[in-house]
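Read through the structure below, which is laid out as structure tokens, and then see the notes.
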């Protein structure tokens, strides 16, 4: 393909933008990439037509920018004439081609006069056939047809010299994602490893390219990729091997983060490439078993039975705990050793884009051994007040104040002590007026008790909750 492109350029008097130009690809985590190429090109005084081959098949033509010193871009034409039967027919109109009728073994030469849809119109010695029963065979791929799009630009310069020409454009079909692995070391530390997966499904392969990765949700306009030839003017195989090199420290980029691979690499079409992102680090964590009570406080009692708490892991993204770096969103998988020392998978969750200093909250499933029951055992009205919102209102509002006697039973049937967090949402400006175990009110309008439940222990928590309930009495 490269050789053919050079021949085409030479035959038409074009200047070729070498396929060996230095290439840099910046990949966004949303099926998008910025491709940049730079190369020395000799331009003659006046208008030159430069051919840029090896443009990604999924390139977005409207995003193309060509620039350089002391040059002026007059026009850009993005041509995509793929190699298929109809395009091969059209490219050979007026030429002799080989034909093979269905059931025959010998080829017969014929002049390809025209193309009607997908049907060739052929001139044989016996006459012209418009409904040929057979196939046309081609000796070679005509110049001008290409698997990849071809970008041509008319560039004007005031003097003949070698200029650095730069090409930049956006393309779909590139993506990357972060994946994390956590190995539990003990009840306070995990071993933390981060890797990135680079995907190239653009239809084009690249060698010896530098790669950047951008973390963050960059706004882009959704649109359908053009499939036909488009002209415009402008002025301006799967591999799961892991490379052991760790990506350099991220740099801030206008509200996003930019990561740079520390080596040049290849991005083969259809390949997934894994690169180490965060080296194995010992990171601190806190594990809690969290249960959000479903009890509600109305005219009647309420209860829940045999609710198992979520196992919640909290990781502070700070240097003191072993991290302290911007972490792009991705999936994290947790592993632990069983009593025989064998590694076992114990759950996974997703990490959102996490800035330095943020807390990562992960839920790995429900604790099998720990369960709780909750019941409103008694409802007592302690006061009643009637009032009208305005004199003309037909309805009287009755404000009732109730006290609810609540009992929570937490059972640990396992062999290890657990930290248990019970959260009770407080509706209708409810307040906890008594409790057998001290808790605390949270800013989001709920109440929380932090309990340590020993192996094979059952804890009963008795609570009094006061809340008002308004009803309307309309005449």
Item to check | segment 68-99: number of residues that are part of a loop (DSSP other than H, G, I, E, B), over 13 Å from residue 150 (Cβ atoms) and touching a strand residue (DSSP E or B) at 6+ places or on another chain (Cβ under 8 Å) | outcome: 6
Item to check | The listed residue being outside the structural domain of residue 462 (by TED's automatic domain parsing) and outside any loop (DSSP other than H, G, I, E, B), out of 315, 382 | outcome: 315
Item to check | Of all residues making up segment 312-330, the number that are surrounded by 16 or more Cβ atoms within 10 Å (Cβ to Cβ) and within 30 Å of residue 431 (Cβ to Cβ) | outcome: 1
Item to check | Condition check for residue 429: at pLDDT below 90 and either under 28 Å from residue 283 (Cα atoms) or not in a strand (DSSP E or B) (or both) | outcome: yes
Checklist outcome for this item: Here, strands (runs of 3 or more DSSP E) confined to segment 113-203 with at least 3 residues that are closer than 19 Å to residue 27 by Cβ are 161-171, 174-184, 189-200
Checklist entry - So is residue 266 modelled with pLDDT under 85, in a strand (DSSP E or B) and in contact with a strand residue (DSSP E or B) (Cβ under 6 Å, 6 or more places away or on another chain) or not? => result no
Checklist entry - If you go through segment 385-418 one residue at a time, how many are assigned to a strand (DSSP E or B) and surrounded by 11 or more Cβ atoms within 10 Å (Cβ to Cβ)? => result 20
Checklist entry - Is there a residue being on the phi > 0 side of the Ramachandran plot and exposed (fewer than 14 other Cβ atoms within 10 Å of the Cβ) anywhere in segment 366-374? => result no
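Let's see how each residue does on (1) part of a helix (DSSP H, G or I); (2) buried (at least 16 other Cβ atoms within 10 Å of the Cβ); (3) at pLDDT 65 or above; (4) in contact with a helix residue (DSSP H, G or I) (Cβ under 7 Å, 6 or more places away or on another chain):
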residue	(1), (2), (3), (4)
4	yes, yes, no, no
20	no, no, no, no
24	no, yes, yes, no
35	no, yes, yes, no
40	no, no, yes, no
66	no, yes, yes, no
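Results for (1) farther than 17 Å from residue 203 by Cβ; (2) outside the structural domain of residue 268 (by TED's automatic domain parsing); (3) under 31 Å from the mean Cα position of the chain (by Cα), shown as yes or no for each residue.
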{"site": "29", "(1), (2), (3)": "yes, yes, yes"}
{"site": "35", "(1), (2), (3)": "no, yes, yes"}
{"site": "45", "(1), (2), (3)": "yes, yes, no"}
{"site": "48", "(1), (2), (3)": "yes, yes, no"}
{"site": "55", "(1), (2), (3)": "no, yes, yes"}
{"site": "60", "(1), (2), (3)": "no, yes, yes"}
{"site": "65", "(1), (2), (3)": "yes, yes, yes"}
{"site": "70", "(1), (2), (3)": "yes, yes, no"}
{"site": "76", "(1), (2), (3)": "yes, yes, no"}
Checklist entry - Considering 361, 356, which residue is under 24 Å from the mean Cα position of the chain (by Cα), more than 30 Å from residue 427 (Cα to Cα) and not assigned by TED's automatic domain parsing to the domain that holds residue 190? => result 356
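The values are calculated or read from the model by the stated rules, or taken from the named source; none is laboratory data. Here the structure is a predicted model, which is why all the values come from computation and not from measurement. So basically every Cβ, Gly included, is an ideal-geometry build from the backbone, and we count neighbours across all protein chains shown.
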